[in-house]
Every structure is written in C-alpha cells, then in structure tokens.
Amino acid sequence: MEILGLSLPRPITFAEAQEVIDEDGHGEPGSRDHLSRVFVTPEVDGWTLVIGAWCDPFDGARREDVLRLCRALSARYGGVQAYYYGAQGDGSAWLVAENGCAIRRYAATGEPCISQ
C-alpha cells in the first residue's frame, strides 16, 4: 500500500467492495470523487488485486501515474497488469509491465488510440 501512496485502510468484504466500486462507476459526470477509493485484496492464487477507477491505465488525469506505479510495482514484484472495462460501452484499456518496464499497453475508448 505504501508504494501506491494509499492511506487510511479499513477492512471490507469482497461483496462490500463490489458495491462501492459499482457505485463509484456511476457517479456524477465530471466528478473525480470515484478516484478516492481503491480495494486491495489479500493474495489470491499468487496475485494481489487492486480494484477501482483509480487504476484505469487510460484515464487522462491518471494514466501517467498508473504507468509509473505499474512500472514501480513490476520492478518490485516482477509483473503487473492494469485493466479498464467500460461496462456502459465506453471502451476498454490494459497495461502490462514486467521487471520495471511497460511491455505492452492498449486502449479502445473512443479517444486517440494508445498502442505500444
């Protein structure tokens, strides 16, 4: 959590996290409040999931931070993947980093394409 700059953690269940994430995904247009929360799971089959709009690898205001964090996390843990899926038809994006380098990223969101 420290490498992500997260603070004020509190335990919640997977079901509670899903409800909060769904609520955050349907906020007011233009509001950035949904970026204030993220859910970090315990390790599941060798992966720790970090879930929330805060992790979107293509969001105009967050993409450089997400790229930097994915590089840092992959340098420490070997591999990181970040995903965005717009359940309302607004596209998807993903980023894969290994050993401190972004090795592949793609976005199909209706904005100019990023592909690497």
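Results, tabulated for the structure shown:
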| read-out | value |
| --- | --- |
| Gain in span if fully extended, Cys101 to Thr41, counting 0.36 nm per residue against the direct Cα distance | 19.2 nm |
| Distance in nm between pseudo-label sites at Arg76 and Arg10 (7 Å out along the Cβ direction from Cα) | 2.4 nm |
| Computed FRET value (nearest 0.05) for Ser92 with Glu2, which takes r as the C-beta separation and R₀ as 35 Å | 0.75 |
| Unit charges on C-beta of K, R, D, E only; dipole of region 67-113, Debye | 240 debye |
| Cα lying deepest toward the dipole's positive end in region 31-93, options Tyr83, Ala61, Ala93, charges on Cβ | Ala61 |
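Coordinate-derived values only; no laboratory data. All values reported here derive from a predicted model rather than from experimental measurement. All Cβ positions, glycine included, derive from the backbone under ideal geometry; neighbour counts span all protein chains shown.
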